[in-house]
1. Multiply the residue gap between residue 170 and residue 242 by 0.36 nm, knock off their C-alpha separation, and tell me the result in nm, one decimal place.
2. Could you order peptides 111-118, 27-34, 100-107, 238-245 by the average number of other Cβ atoms within 10 Å of their residues, highest first?
3. Which value in deg cm²/dmol, rounded to the nearest 500, describes the helix-derived mean residue ellipticity at 222 nm for the chain, given -39,500 (n - 2.57) per DSSP H run of n ≥ 4 and division by the residue count?
4. For a distance above 13 Å, tell me the whole-number percent of Cα pairs in region 154-209 that qualify.
5. Quote to one decimal, in nm, the extra length available between residue 103 and residue 190 on full extension: 0.36 nm per residue of separation minus the C-alpha distance between them.
6. Going by how many other Cβ atoms sit within 10 Å of their own, how do 97, 36 line up, fewest first?
7. Compactness ratio of the chain: Cα Rg over 2.2 N^0.38 Å, N = residue count?
8. With contacts defined as alpha carbon pairs under 8 Å and 6 or more residues apart, what's the relative contact order of region 106-176 in percent?
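Every number in this text was worked out from the coordinates using simple rules, so none of it is lab data. In this text the structure is predicted, and so the values were computed from the model without any measurement. Backbone-built Cβ (ideal geometry, glycine too); neighbour counts: all protein chains shown.
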């Protein structure tokens, strides 16, 4: 079924007005040209206006151990390829990744739209966080790495976000992204019931292919792109729980392995890209 009202919209990724078709029971609109998927306009218009207020983080701070576990894994992944001396995190939430980076000897700072989280990170974790939106608060040419974990799916304009990230980096600097994977085995199985769809707050739905394309088109060289299962971020006791075992069985069925990483079918896309040496891209 084609959503005629949205046929003239220009795709964020391919920048063509090829028209869109409905997906996931009408929750999503998919570009007929390149296949990029976004939340349908009527659902995006209902997005939560209070996403960044205190109530949204009601249970967040009680899960500090989990966030520190995830932060350590993300930092290890980043440092496995890149070796920045400084890092700027867009959407730094409670500051746990910044805390891990600081403990590893990096000069770490963040930009976070939630006043609640920015204050917590500054006062409780003693990390450097500026309250505001990355697109308007990021310094220019200041850092060797920009990180955004589960942020790009929320922003109003992904290309503007990537342009600001590029300007914030020194020559040869690194961009680290993680987003839900709309091409994952789980998303294909679950359709409109997929846990990471979240049309109330996720505007854009990337795959490894579409994320790579928009990042490269924004002037970066993609050095590494893969996907991870949700199990990747489960601590041992959760992996051994019934939901954890169920997820492992589903992963093995989908890609024939109990590994938590896969080139394309995992729940989350991870991408590392580098700003080229030489003259800045237009």
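1. 21.3 nm
2. The packing order, highest mean first, is 111-118, 27-34, 100-107, 238-245.
3. Result for the chain: -8500 deg cm²/dmol, rounded to the nearest 500.
4. So the pairs more than 13 Å apart make up 67 percent of the total in region 154-209.
5. Extending this stretch completely gives an extra 27.4 nm.
6. 36, 97
7. Expressed relative to 2.2 N^0.38 Å, the Cα Rg reads 0.99.
8. 30
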